[in-house]
Amino acid sequence: MRRTRSCARGFNMAELLMAMTLFVIGFLGVLALFTTGFGAVTKSKNLTYACNIAQSQIEKIRFSDFSNIASSPRTTLYGSARVNGQNVTTAFYRTMTVTSNADNTLKNVVVQVTWEERGFSGTDTSEWKSISMETVITE
């Protein structure tokens, strides 16, 4: 009887280390995509919240008496969400500016909402985002 050599071999240590390295690199790439995705969701949430604040104020003045529509100082509103298991609070600031024409028959209303993308951390406004909505009200 002849003995035949088996061609089946296992993985050696170098091959195993190479496979593990490629797996870890791929896993870190997918993890980076999740981190970017969570950041995009937070930015989208803040933009949606700011638009809702501005639109809500526009709707309130549409049903107000024309003579009572006036500029308002900065109002602080807070939006909160749960991101990665942590509560995140963002400060939103709403300002309403009203200007009238010469006859006082038209009022131009601008509602501006500003916020800091990473959440409230002070008074430096260089990193802040803002949106504004504008409407014209007639008597």
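The values are calculated or read from the model by the stated rules, or taken from the named source; none is laboratory data. Since we're looking at a predicted model, the values are computed, not measured. Note: ideal-geometry Cβ built from the backbone for every residue, glycine included; neighbour counts use all protein chains shown.
Brief remarks follow.
- One residue stands out in the stretch 24-41 among those that are under 23 Å from Thr89 (Cβ atoms) and of a type outside the set (A, V, I, L, M, F, W, C): the one that is surrounded by the most Cβ atoms within 10 Å (Cβ to Cβ), namely Gly39.
- The set of residues in the stretch 33-81 being of a type in the set (Gly, Ala, Ser), farther than 16 Å from Val109 by Cα, part of a helix (DSSP H, G or I) and touching a strand residue (DSSP E or B) at 6+ places or on another chain (Cβ under 9 Å) consists of Ala50 alone.
- Candidates Glu117, Glu127, Glu134: the one that is modelled with pLDDT of 90 or more and surrounded by fewer than 15 Cβ atoms within 10 Å (Cβ to Cβ) is Glu134.
- Here Arg9 meets each of (1) modelled with pLDDT under 85; (2) under 33 Å from the mean Cα position of the chain (by Cα) with one exception, condition (2).
Here is a yes/no grid of residues against (1) loosely packed, with under 14 Cβ neighbours inside 10 Å; (2) at pLDDT 85 or above:
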{"position": "Ala14", "(1), (2)": "yes, yes"}
{"position": "Leu22", "(1), (2)": "yes, yes"}
{"position": "Lys43", "(1), (2)": "yes, no"}
{"position": "Leu47", "(1), (2)": "no, yes"}
{"position": "Cys51", "(1), (2)": "yes, yes"}
{"position": "Ala54", "(1), (2)": "no, yes"}
{"position": "Ala70", "(1), (2)": "yes, yes"}
{"position": "Gly79", "(1), (2)": "no, no"}
{"position": "Asn84", "(1), (2)": "yes, no"}
